[in-house]
Amino acid sequence: MASEMSMKRRTLMTAGTMSVLAAPSIMTGFAAAQEKTDSQDMQSAQPPIRALKLGAFKVVVISDGTRVMAKPHETYGTNQSEQAVSELLAQNFLPTDALVNSYSPVLVDTGTEVILFDTGLGEAGRESGSGRLIDGIRAAGYAPERVSMVVLTHMHGDHIGGLMEGGKPAFANARYVIGETEYAFWKDPARVGTPAEGGHKGVLEKVVPLAEKATFIGDGADVAPGISAMAAFGHSPGHMVFRLESDGKAMMLTADTANHYVLSLQRPDWEVRFDMDKAAAAASRRKVFGMIASERLPFIGYHMPFPAVGFVEAQDQGYRFVPASYQLDI
């Protein structure tokens with residue numbers, strides 16, 4: 001018996017040694033697999049989802065995909081020195097030469113409505129491994145036909161791209177809720193020949209065909225029982241955020257009010273390249289996240305690190321992002 005035990009120990013030690021020696025090749029394979037997640041091979045995998053409880057509401061965050069972006073300073077803190085941006089990233093244990101941008105639409109099941117907030121990149125994102133929303137909706141246990149309402153926070157391409165599939169509405173039974181100010185801006189032919197022309201064409205293709213089934217809203221409008229709109233202009237001319245309330249619980253969907261959990265929240269006054277009116281966008285960040293901090297509300301930010309849900313507290317020049325853990329599960 002002792003000899004047998006000794007042999008087993010030697011066998012285990014040998015296997016362990018081989019595992020250690022094999023680790024570099026395993027890691028190489030892992031790195032290759034990770035690289036493939038940015039390719040079309042990712043289409044066969046189920047996209048990440050995160051289901052949350054908010055009173056009687058079921059809230060599901062769906063990852064439409066992620067993208068690595070180089071040179072953070074060229075997007076965030078464009079009115080600051082590159083050194084200042086790099087120092088803030090380094091202080092927060094982040095690389096200074098690249099960042100990850102996430103895209104996270106939200107599905108809200110109120111019990112009577114299945115409401116989708118924003119639609120991801122759609123067909124245009126598939127080549128880079130994004131455009132995963134439909135798969136995510138199915139992974140959450142819903143068919144696209146069950147979506148009864150689609151709410152658009154604004155009309156940048158990564159929010160409206162999934163409205164149509166193959167030239168037809170992706171959500172066959174849905175009606176639409178659209179900000180009136182946002183729609184008027186992007187539909188206007190005056191956008192032709194300006195930097196907004198590409199967005200104008202996208203709205204003509206993706207949104208205008210659905211206008212007959214749309215309700216156009218403004219600040220303070222009720223979207224459905226327990227769901228109301230709030231203007232947060234700046235990132236785009238009619239950018240909206242939404243407050244969810246159920247059984248005494250509340251949450252904010254902040255869309256693109258802040259697009260990075262460090263650079264936009266810790267320094268809300270720093271300019272962002274994608275913000276069309278930079279001063280108004282900074283004021284909206286202060287207004288929205290000041291309210292979230294004072295009321296201690298959870299929020300879901302479209303470009304926050306997946307699962308994109310957390311809290312903020314006032315700190316220094318701005319706000320500190322605190323990722324949610326189990327608060328919204330029990």
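Figures for the structure shown
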item: Highest to lowest packing among 50-62, 260-272, scored as the average C-beta count within 10 Å; result: 260-272, 50-62
item: In Hz, Karplus ³J(HN,Hα) per residue of segment 287-296 (6.51, -1.76, 1.60; θ = phi - 60°; x = Gly, Pro); result: 5, 5, 7, x, 5, 4, 5, 5, 8, 6
item: Per residue, in Å², the accessible surface of the chain once ligands and nucleic acids are set aside, probe 1.4 Å; result: 47 Å²
item: For Lys201, solvent-accessible area (1.4 Å; no DNA, RNA or ligand), Å²; result: 120 Å²
item: Fraction in percent of alpha-carbon pairs per bin - 10 Å, the chain; result: 5, 24, 32, 22, 8, 5, 3, 1, 0
item: Potential lengthening between Lys168 and Ala143 on full extension [0.36 nm per residue; Cα-Cα distance subtracted]; result: 7.4 nm
item: CD proxy at 222 nm, helix term only [per DSSP H run n ≥ 4: -39500 (n - 2.57); per residue of the chain; nearest 500]; result: -9000 deg cm²/dmol
item: Cβ charges +1 (Lys, Arg) and -1 (Asp, Glu), total dipole of segment 47-251, debye; result: 440 debye
item: Burial order of peptide ranges 157-165, 318-326 (average beta-carbon count within 10 Å, highest first); result: 157-165, 318-326
item: Extreme residue, positive dipole direction of segment 47-251, given options Leu88, Ala124, Pro48 (C-beta unit charges); result: Pro48
item: Peptides 209-215, 226-232 ordered by average Cβ neighbours within 10 Å, highest first; result: 226-232, 209-215
item: Gain upon complete extension [Ala56, Lys187; 0.36 nm per residue less C-alpha separation]; result: 43.5 nm
item: Mean separation of Cα contacts under 8 Å (6+ apart) over length of the chain, as relative contact order %; result: 16 percent
item: Number of Lys pairs (Cα under 21 Å; 8 or more positions apart or on different chains) in the chain; result: 13
item: With every protein chain in place, the chain: carbon and sulfur % of accessible area (1.4 Å); result: 56 percent
item: Amide N of segment 140-174 lying under 14 Å from the label point, which is placed 7 angstrom from the Cα of Leu204 along Cα→Cβ; result: none
item: Angstrom value of the Kirkwood radius, inverse mean 1/r, which spans all Cα pairs in segment 88-217; result: 15.8 Å
item: Globularity ratio of segment 144-184, using Cα Rg and 2.2 N^0.38 Å; result: 1.16
item: Per-selection Kirkwood Rh - segment 229-290 (Cα, Å, 1 d.p.); result: 11.8 Å
item: Arg126-Glu313 pseudo-label distance in nm [points 7 Å out on the Cα-to-Cβ vector]; result: 4.6 nm
item: Simple label model, 7 Å out from Cα along Cβ direction - Ala224 to Val68, nm; result: 3.8 nm
item: Where only alpha carbons of segment 46-150 are counted, the Rg and the Dmax (Å); result: 17.2, 51
item: For segment 252-268, Karplus couplings with θ = phi - 60° (6.51, -1.76, 1.60), whole Hz, Gly/Pro x; result: 10, 9, 9, 6, 9, 4, 10, 9, 9, 6, 9, 5, 8, 8, 5, 10, x
item: Approximate spin-label separation Ala280-Asp247, in nm, with each point projected 7 Å along Cα-to-Cβ; result: 3.9 nm
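The values are calculated or read from the model by the stated rules, or taken from the named source; none is laboratory data. Everything numeric in this text was worked out from a predicted model, so none of it was measured. Neighbour counts are summed over all protein chains in view; Cβ atoms, including those assigned to glycine, are modelled from backbone coordinates with ideal geometry. The protein model used for the area step is the full one, side chains on, heavy atoms only, and it has no ligands, DNA or RNA in it. Shrake-Rupley method; radii C 1.70, N 1.55, O 1.52, S 1.80 Å.
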